[in-house]
Amino acid sequence: MSNLSYVTPHADSPWQTYLSQVDRVLPYLGSLAKWGETLKRPKRALIVDVPIELDNGTVRHFEGYRVQHNLSRGPGKGGVRYHPDVTLEEVMALSAWMTIKCAGVGLPYGGAKGGIRVDPKALSMKELERMTRRYTSEIGIIIGPQRDIPAPDVNTNGQIMAWMMDTYSMNTGSTATGVVTGKPIHLGGSLGRVKATGRGVFVTGREAARRINLNLDGARIAVQGMGNVGSSAAELFVQAGAKLVAVQDHTGTLVNPNGFDMADTMEVLKRDGGIANYKNAERIDNEAFWDVDCDILIPAALEGQITAARANRLKAKLVLEGANGPTLPDADDVMHDRGILVVPDVICNAGGVTVSYFEWVQDFSSFFWSEDEINVRLDKIMVDALRHIYETSEKHKITLRTATFAVACERILIAREERGLYP
Ligand code: NAD
């Protein structure tokens, strides 16, 4: 349990999950473990009040956060989430996973994350813009192209990044495209960014499948969450010959053992924003999703989805964590004991931040790459990172999650030690 006064300990919270993941890796860090406490507390956590005038003339206040978990290896990097359930603790956990993720793939960033406690669907576009601009202005004291670079996360997108970039630029007096990533293409965004996370899930999944002799051609995949990450990953697996046999999203759970038609699926998602009205599949109870016969399971929606009880029921041989924090620590143990290979979020969904890094580099050099160049570079970075993590897991006989933490924490703590403790 955490000893930070501003954290309320409750066992399955994302921050507690993160802390127990750190505890698992400390024995593998040798003398660097003496810096372990560094990983267990955010460097900086800013809570901001975001008051805006609603369209009806009244004023409403929202609670916003920006947490910089660790900046030993470079400026902070991490998305901004708009959700009514966002809490400081959740943002802390997400920022910490960004620290691990950036170090695990070798990007020159620390970890950060932001969020506002709001249901954005209840706001008009103008209200959303005012809230985004005020939030950006409030966190403007700690973000910047060399300090901390936000990006989209749940319920934020390219338009919101454009408003953030513009607000920061207005406040500082010069256009600063590098202050956020995930921007629209003509504002310094990068080709390939939108689908990058799903592509990374596919690349790490392809490599992991090869290692356990699972042929992608004909492999059956089940996906929870057909948003940006889940649908992009599913499309690439289907292109590689796999069959999408089950889909769950906020509108329900559908199965078809013969495979969903990908073009129809994408059309339904585009039209309705959910899978419920897809015709050629059977609707099942939501909980039955975890019993579906499949080879690869891709949780790509929410945190805390794979509990120990559900882990005991899974039929999949391979779990690819597209979402952040979908697995609880005791479920990790169950899957390990059952021989289910889990590619953890901290490497599996790192494709998004990798192409964000490409975007930032392109913004600084004002020279933009083709989509092919981006995809080839992304593929290489993900393959190399996974290979190193795999070797570490085999060397110490540990899970890929603990191995990713081992690789990442070693890099973070070496940087910590080399920089020295200020003053
Ligand atoms: P999104 O908003 O595009 O999609 C979310 C999906 O989850 C939707 O299909 C939605 O229907 C589904 N969902 C919501 N509530 C659900 C419920 N109760 N049961 C089942 N499904 C539900 O979000 P996204 O960008 O695809 O992100 C999904 C996950 O991936 C999040 O955990 C996010 O942090 C993580 N992630 C995203 C990126 C990125 O680049 N977008 C990068 C890294 C990690």
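Here are the numbers:
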read-out: Of all residues making up segment 295-313, the number that are within 16 Å of the ligand (Cβ to nearest atom) and over 15 Å from the mean Cα position of the chain (by Cα); value: 4
read-out: Condition check for E90: open to solvent by 30 Å² or more (accessible area, probe 1.4 Å) and of a type in the set (D, E, K, R); value: no
read-out: Lone qualifier among A219, A208, A233, A240 - being over 15 Å from the mean Cα position of the chain (by Cα) and either closer than 22 Å to F289 by Cα or not assigned by TED's automatic domain parsing to the domain that holds K317 (or both); value: A219
read-out: Residue in segment 275-294 that is nearest to the ligand (Cβ to nearest atom), counting only those that are β-branched (V, I, T) and closer than 21 Å to A233 by Cα; value: I275
read-out: Odd one out for G30, checked against (1) at positive phi; (2) open to solvent by less than 50 Å² (accessible area, probe 1.4 Å); value: (2)
read-out: Among residues of segment 306-338, those that are open to solvent by 30 Å² or more (accessible area, probe 1.4 Å) and either part of a strand (DSSP E or B) or in contact (Cβ under 8 Å) with a residue 12 or more places away in the chain (or both), counted; value: 10
read-out: Residue check for R41: more than 17 Å from V86 (Cβ to Cβ) and of a type outside the set (A, V, I, L, M, F, W, C); value: yes
read-out: Contacts under 8 angstrom Cβ, first residue in segment 163-186 being small (G, A, S), partner open to solvent by 70 Å² or more (accessible area, probe 1.4 Å) and modelled with pLDDT under 95, 6 or more apart; value: G182/N157
read-out: Criterion violated by Y357 - all others in (1) within 21 Å of P145 (Cβ to Cβ); (2) within 16 Å of the ligand (Cβ to nearest atom); (3) open to solvent by less than 10 Å² (accessible area, probe 1.4 Å) satisfied; value: (3)
read-out: Odd one out for I284, checked against (1) touching a strand residue (DSSP E or B) at 6+ places or on another chain (Cβ under 8 Å); (2) among the β-branched types (V, I, T); (3) open to solvent by 30 Å² or more (accessible area, probe 1.4 Å); (4) under 26 Å from K195 (Cα atoms); value: (4)
read-out: Residue, modelled with the highest pLDDT, within segment 8-54, restricted to residues that are part of a helix (DSSP H, G or I) and touching a His at 6+ places or on another chain (Cβ under 8 Å); value: Y28
read-out: Subset of segment 33-44 [over 25 Å from the mean Cα position of the chain (by Cα) and surrounded by 14 or more Cβ atoms within 10 Å (Cβ to Cβ)]; value: A33, W35
read-out: Cross-chain or 6+ apart pairs with Cβ under 8 Å, segment 107-119 first and of a type in the set (S, T, Y), then part of a strand (DSSP E or B); value: Y109/G76; Y109/K77; Y109/I149
read-out: Residue count, segment 165-193 (criterion: open to solvent by less than 30 Å² (accessible area, probe 1.4 Å) and within 16 Å of the ligand (Cβ to nearest atom)); value: 7
read-out: Pair list, Cβ under 9 Å, 6 or more apart: segment 218-232 residue without any contact (Cβ under 8 Å) to a residue 40 or more places away in the chain, other residue polar (S, T, N, Q) and near the ligand (Cβ under 8 Å from one of its atoms); value: N228/T197; S232/T197
read-out: Flag for N228 being assigned by TED's automatic domain parsing to the domain that holds C294, open to solvent by 20 Å² or more (accessible area, probe 1.4 Å) and within 14 Å of the ligand (Cβ to nearest atom); value: yes
read-out: Only one of V268, V238, V201, V223 that is in a helix (DSSP H, G or I), closer than 21 Å to I347 by Cβ, at pLDDT 95 or above and not hydroxyl-bearing (S, T, Y); value: V201
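Listed here are the residues, each with its yes/no results for (1) in the same structural domain as Q68 (by TED's automatic domain parsing); (2) touching a helix residue (DSSP H, G or I) at 6+ places or on another chain (Cβ under 7 Å).
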site	(1), (2)
D12	no, no
T17	no, yes
G30	no, no
E37	no, no
D49	yes, no
D55	yes, yes
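The values are calculated or read from the model by the stated rules, or taken from the named source; none is laboratory data. In this text the structure is predicted, and so the values were computed from the model without any measurement. Neighbour counts run over all protein chains shown; Cβ positions are idealised from the backbone, glycine included. Keep in mind that these areas ignore ligands, DNA and RNA; they rest on the heavy atoms of the full protein, side chains included. Shrake-Rupley method; radii C 1.70, N 1.55, O 1.52, S 1.80 Å.
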